[in-house]
1. When you go through LEU199, LEU218, LEU193, LEU206 one by one, which is the residue that is buried (at least 18 other Cβ atoms within 10 Å of the Cβ), of a type outside the set (Ser, Thr, Tyr) and away from ligand 1 (no atom under 16 Å from the Cβ)?
2. Can you confirm whether PHE125 is among the aromatic types (Phe, Trp, Tyr), within 22 Å of the chain's Cα centre (by Cα) and open to solvent by 10 Å² or more (accessible area, probe 1.4 Å)?
3. Of the numbered conditions (1) touching a Pro at 6+ places or on another chain (Cβ under 8 Å); (2) not in a loop (DSSP other than H, G, I, E, B), MET166 fails exactly one; give the number of that condition.
4. Name the single residue, out of those in region 72-84 being in a strand (DSSP E or B) and closer than 26 Å to HIS272 by Cα, that is most open to solvent (accessible area, probe 1.4 Å).
5. Can SER262 be described as open to solvent by less than 30 Å² (accessible area, probe 1.4 Å) and within 16 Å of ligand 1 (Cβ to nearest atom)?
6. Which residue pairs have Cβ atoms under 9 Å apart, sit 6 or more places apart or on different chains, and have a first residue in region 43-56 that is modelled with pLDDT under 90 and a second that is small (Gly, Ala, Ser)?
7. Pick from VAL96, VAL4, VAL72, VAL65: which is within 30 Å of VAL333 (Cβ to Cβ) and either over 22 Å from the mean Cα position of the chain (by Cα) or not assigned by the TED database to the domain that holds VAL257 (or both)?
8. For region 231-245, give me each residue that is free of Cβ contacts under 8 Å to residues at least 60 places away in the same chain, open to solvent by less than 20 Å² (accessible area, probe 1.4 Å) and assigned to a strand (DSSP E or B).
Amino acid sequence: MLLVMKQNATQDQIDDVIERIEAAGFTARPIPGGHRTAIGILHNKGAVDPARFQGLPGVKELIPVTRPYKLVSRETKPENTVVRMGGVAIGEGRPVLMAGPCAVESLEQCMAIGKSVKESGAEMFRGGAFKPRTSPYSFQGLGEEGLKILAAVREETGLKIVTEVMDNETFDLVEEYSDMVQIGTRNMQNFALLRRAGLAKKPVMLKRGMSATIEEWLMAAEYIMERGNDQIVLCERGIRTFAMHSRNTLDLSAITVVRKESHLPVITDPSHAGGHRCQVGPLARASAAMGVDGMMIEVHNDPAAALSDGGQSLYPHQFSKLAQQIFDIHDLVRTQGEI
Ligand code: PEP
Ligand code: MN
């Protein structure tokens, strides 16, 4: 249930309503919005009787939220959410490019890639220090040493850092070093991790589970927001289908649906979707045409020697050209407007 206050409601009236909601045994969650003050009523076991709050001073109306995801739903918050990290804003127009290697391998590797992608227009650097690998015999990441390398790249280039957190044990560490923590496809329904992410002071990038429905994905985001963190970026990274020609199937139609259902920014990861270098450019250009708020793209200065995902990593010069194409397509689509 969403309680909408009148536009001229005073702070005292808002505080009084919040107090009454809490006294009734529910959780009151003020929803920041440009045009109205709304308060989400959460943790109700059954339907909330609107008569309880209707008619209180300052209250305009009570609207039932029909979707199972409440806080992330557009019913609750019609305006787009913008996720901010210093000067970088995701969801405010120009797509934010996050580029870098699959895994942090060395300081030299990350510095070389970081400087180059920055030059090409990326605003964030990606790279895994803790890697979720299918095989326990594959390179598992450098751990804290990798996080220190990422921090050095930020220091040198000014790029913001996004890196994956795999478990609650290392959450504090990853949060400390990063500007945005990434929850990977394999952990989308790790509810303990989602709850911890909800307490994080940093934005969270939530990748779609490789076999998750849109509803499951949004419910995972709801876990994070329910705990208080409303800085969430959704990332479509491809889902498992019968297609064998690509690593995953980039579900572009999901972008349209998620935008309609949720106010959260949405980005794509054409690298893990395609799984082959030659598919990354076309999928990225298609994503730009869909009007995504950003993209995560793997780039390596020596893909043949990469310790992880070399085959889908772009060469720096390819990323440079692609970034320009992405910005050009974005501008074109924006000026054309919706049909
Ligand atoms: C990654 O971005 O490094 C990664 C492992 O992606 P995903 O969780 O989408 O497989
Ligand atoms: Mn990868």
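The values are calculated or read from the model by the stated rules, or taken from the named source; none is laboratory data. What you are looking at is a predicted structure, and each value in this text was computed from that prediction instead of being measured. Positions of Cβ are generated from backbone atoms using ideal geometry, with glycine treated the same way; all protein chains shown enter the neighbour counts. Calculation scope for accessible area: heavy atoms of the full protein, side chains included, ligands and nucleic acids excluded. Shrake-Rupley method; radii C 1.70, N 1.55, O 1.52, S 1.80 Å.
1. LEU218
2. no
3. With respect to (1) touching a Pro at 6+ places or on another chain (Cβ under 8 Å); (2) not in a loop (DSSP other than H, G, I, E, B), MET166 is out only on (2).
4. This residue is ARG84.
5. When the stated conditions are applied, SER262 does not pass them.
6. Close Cβ pairs (under 9 Å, with a partner that is small (Gly, Ala, Ser)) amount to ASN44/ALA24; ASN44/GLY25; LYS45/GLY25; VAL48/ALA24.
7. Being within 30 Å of VAL333 (Cβ to Cβ) and either over 22 Å from the mean Cα position of the chain (by Cα) or not assigned by the TED database to the domain that holds VAL257 (or both) holds for just one of VAL96, VAL4, VAL72, VAL65, which is VAL72.
8. Selection gives LEU234, GLU236.
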